[in-house]
1. Within the stretch 42-70, which residues are under 24 Å from Asn285 (Cβ atoms), open to solvent by 20 Å² or more (accessible area, probe 1.4 Å) and either part of a loop (DSSP other than H, G, I, E, B) or in contact (Cβ under 8 Å) with a residue 24 or more places away in the chain (or both)?
2. Could you tell me which of the residues Leu610, Leu648 is in contact with a Leu (Cβ under 6 Å, 6 or more places away or on another chain), on the phi < 0 side of the Ramachandran plot and not hydroxyl-bearing (Ser, Thr, Tyr)?
3. Looking at (1) open to solvent by 50 Å² or more (accessible area, probe 1.4 Å); (2) at pLDDT below 80, can you tell me which one Ile364 breaks?
4. Is it fair to say Tyr212 is open to solvent by 10 Å² or more (accessible area, probe 1.4 Å) and not hydrophobic (A, V, I, L, M, F, W, C)?
5. For the subset of the stretch 510-522 comprising residues that are over 56 Å from the mean Cα position of the chain (by Cα) and at pLDDT below 75, which member is surrounded by the fewest Cβ atoms within 10 Å (Cβ to Cβ)?
6. From the residues in the stretch 333-344 that are farther than 27 Å from Tyr142 by Cα and among the aliphatic types (A, V, I, L, M), which one is most open to solvent (accessible area, probe 1.4 Å)?
7. Looking only at the stretch 283-322, count how many residues are within 23 Å of Leu71 (Cβ to Cβ) and assigned to a helix (DSSP H, G or I).
8. Starting from the stretch 538-563, take each residue that is in contact (Cβ under 8 Å) with a residue 40 or more places away in the chain and list its partners that are charged (D, E, K, R) and open to solvent by 80 Å² or more (accessible area, probe 1.4 Å), counting only C-beta distances under 7 angstrom and pairs at least six apart or across chains.
Amino acid sequence: MLRKKTFISPAPVLICWGFFLFSIPAYTQLSNVQIDSLVKELGKTKEDTNKVNLLMTIGNEIGYQDVNKALEYGLEGYQLSKKLDFKMGIARTAYLTGTSYIDLGKYPQADSFLLISEQMYEQLHDTKGLCKILNAKGNKNYMMGNYRQAAEYYTKAAEGFDKAGDTGNSLIAYTNVIALLGQIKQYEKAIELGKKVLPLAEKANDSLSVGYVLQAIVTDLLYVKKYDEAATYIPRLESFSNTTQDQNLAAEISSTLGTYYYGKEDFSKAVNYISIAVKKAEALNNKYQAANHYNSLGQAYYRSRNFDQAKESLFKGMSLAKEYSNKRAEANLALSLSTLYDSIGDYYNAYRNLLLHSEITDSILNSETRNYTTELETQYQTNKKENEILRLQQVQQQKDYALRKRNTYLAIAAGLLATALIILALIRKNFRARQKLSLQQAVLQEEKINSMEKQQQVVSLQAMINGQETERTRIAKDLHDGLGGIFSTVKMHYSTLQKDTPEIKENPLYRKTLDLINNASDELRKVAHNMMPEVLMKVGLAEALQDFCSNISSGKLLKVTLQTFGMEKRLSSSVEIMLYRIIQELINNIIKHAYATEAIIQINREGNRLSVVIEDNGRGFDTEEAEEKRSMGMATVKSRVDYLNGRLTIDSRKDIGTTVMIDLLIND
């Protein structure tokens with residue numbers, strides 16, 4: 001049974017809402033001593049399916065403390081499973097790798113491995129495995145803020161587990177729903193569901209499920225300010241924090257305890273617990289969640305009147321939120337900074353951060369917010385009608401106890417006032433409608449101009465790239481047919497000369513000249529082949545790249561491995577040429593600058609979606625510095641990706657390596 005993490009749990013009530021992802025139930029957790037024993041056993045195990053299973057066990061267990069280590073074990077198990085053609089091993093290790101990438105916020109890589117796992121589970125007709133994939137997709141969408149999509153995946157996963165009779169995993173899916181209810185501010189429903197799920201978790205003796213459900217219940221109770229009821233769960237939470245091997249759960253519990261003491265205005269304890277949550281999140285390299293915890297920590301420092309520490313914490317959180325595209329945390333941090341700057345009299349920065357908070361909040365406005373607005377509008381209209389009825393009743397009472405003349409004057413005055421209010425309301429409504437229409441027209445006009453400019457850029461780019469490829473083809477053909485023919489004729493003449501004058505073979509100048517002719521002929525053939533490989537035109541991209549990788553690897557300096565999925569059907573010739581040029585340029589960059597010994601090219605096609613991932617173990621580089629000093633080669637790669645309407649992402653770390661990801665849609 002795969003024991004990677006699957007729960008999502010809410011975090012502090014201090015503006016932000018945090019969570020951490022888990023994948024599969026863990027009914028028990030191994031101690032560090034047991035894990036070390038398994039690692040030692042791994043070194044003695046043969047390269048077989050038993051080693052794959054051992055790698056999975058270690059990866060799942062160590063994932064509670066070190067996600068990067070779990071990723072390493074998952075990748076090692078995946079490569080070994082492929083080598084052994086162990087289908088179940090491929091499915092499970094690809095799943096572990098994908099969920100580890102989700103934990104690290106690397107969603108393109110996570111999608112690639114989850115797709116591989118899903119395809120394998122389908123081949124194996126493994127229903128539970130497919131349900132795990134659904135739950136993992138729910139986790140990814142949850143982290144990205146796509147709550148409606150996350151809810152659909154969680155619901156399907158729970159229904160699938162229920163149908164399969166898998167109570168443990170079904171429990172996990174329902175626990176994720178609890179977190180989702182909290183995220184959309186349905187706190188009472190979340191508390192109600194949590195209290196129903198808690199006895200089931202206790203009955204199943206699933207300690208992690210119990211811990212996460214308890215943490216979710218307490219967090220939702222804090223949101224509705226039921227501190228006395230929350231206090232009844234606090235001792236159990238503190239016990240879990242001190243005993244659990246799952247550092248993610250420990251971090252979330254520490255954050256929740258900090259929230260509790262924040263609500264009780266014991267800010268010293270709040271700072272202490274939230275600081276622990278920050279340290280644990282950073283130790284797990286969970287930068288996404290660390291940003292949320294830094295926001296909570298900054299607010300706790302702020303309430304302690306420690307403005308310097310508050311500012312430092314909020315800045316750290318903002319940096320992480322921007323780096324990992326955590327828009328909700330960025331909006332919350334901007335609001336916290338605005339409050340802080342306002343308190344210290346820096347009104348300019350207070351306004352700037354308030355404006356930033358407003359802009360980000362508007363950008364992530366979703367259907368739940370609109371539904372909530374509609375609900376408030378309905379409630380407002382209902383209250384308005386009730387107030388109108390009450391006013392009419394009061395008027396009626398006045399008619400019963402006052403003189404008719406006075407009542408007549410009052411009725412006339414009320415009528416005039418109502419008419420004036422209606423006229424004013426209509427004028428205001430008409431003015432706002434005109435403003436909105438004018439703004440919409442301006443936005444549409446700007447979008448139209450931007451669209452035309454983009455179309456013109458695409459046409460220009462297309463003409464330039466087509467011209468480059470035409471010129472490459474012409475030059476390759478001229479080299480092959482022109483200079484190639486000349487070299488063949490020269491070699492023929494030299495052979496004739498050798499037959500007519502045998503003694504010339506002993507002439508050193510003759511032999512050296514013949515070697516130079518042969519070398520020049522070979523070099524000419526390589527240049528022509530690189531400019532337009534015949535295998536690319538004849539049999540397609542995959543075979544051309546395999547030929548290219550073999551030529552590079554034969555040099556012994558860099559080993560290049562090609563992995564393709566779903567490439568049985570050829571792409572259009574223009575797309576194949578473009579992708580070949582892009583990959584050729586990226587591999588050349590690795591050879592020139594990375595000082596790497598290994599590189600991997602992965603091409604994955606699913607329907608009309610194509611993803612390309614190129615990784616190396618080179619020295620890496622600073623991506624921000626490289627962006628400012630972009631070379632001609634990378635500029636060409638970017639222009640070709642733009643031509644294909646694709647997305648280019650570069651992730652590089654010094655002394656670790658570089659990963660280049662390209663995603664695009666293919667039209668047959």
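1. Thr57, Ile62, Gln65, Asp66, Asn68
2. On the way: Leu648 fails: in contact with a Leu (Cβ under 6 Å, 6 or more places away or on another chain).
Answer to the check: Leu610.
3. (1)
4. Taking the combined requirement at face value, the residue does not satisfy it.
5. The qualifying residue surrounded by the fewest Cβ atoms within 10 Å (Cβ to Cβ) is Lys512.
6. Ile344
7. Just the residues of the stretch 283-322 that are within 23 Å of Leu71 (Cβ to Cβ), to begin with: 283-293, 320-321.
Now drop any that are not assigned to a helix (DSSP H, G or I), which leaves 283, 287-293, 320-321.
The total comes to 10.
8. Lys559/Glu598
The values are calculated or read from the model by the stated rules, or taken from the named source; none is laboratory data. Computed from a prediction, not measured in an experiment: that's the story for all the values here. As a convention, Cβ positions derive from the backbone with ideal geometry for all residues, glycine included, and neighbour counts pool all protein chains shown. SASA here: full protein model, heavy atoms, side chains in, ligands and nucleic acids out. Shrake-Rupley method; radii C 1.70, N 1.55, O 1.52, S 1.80 Å.
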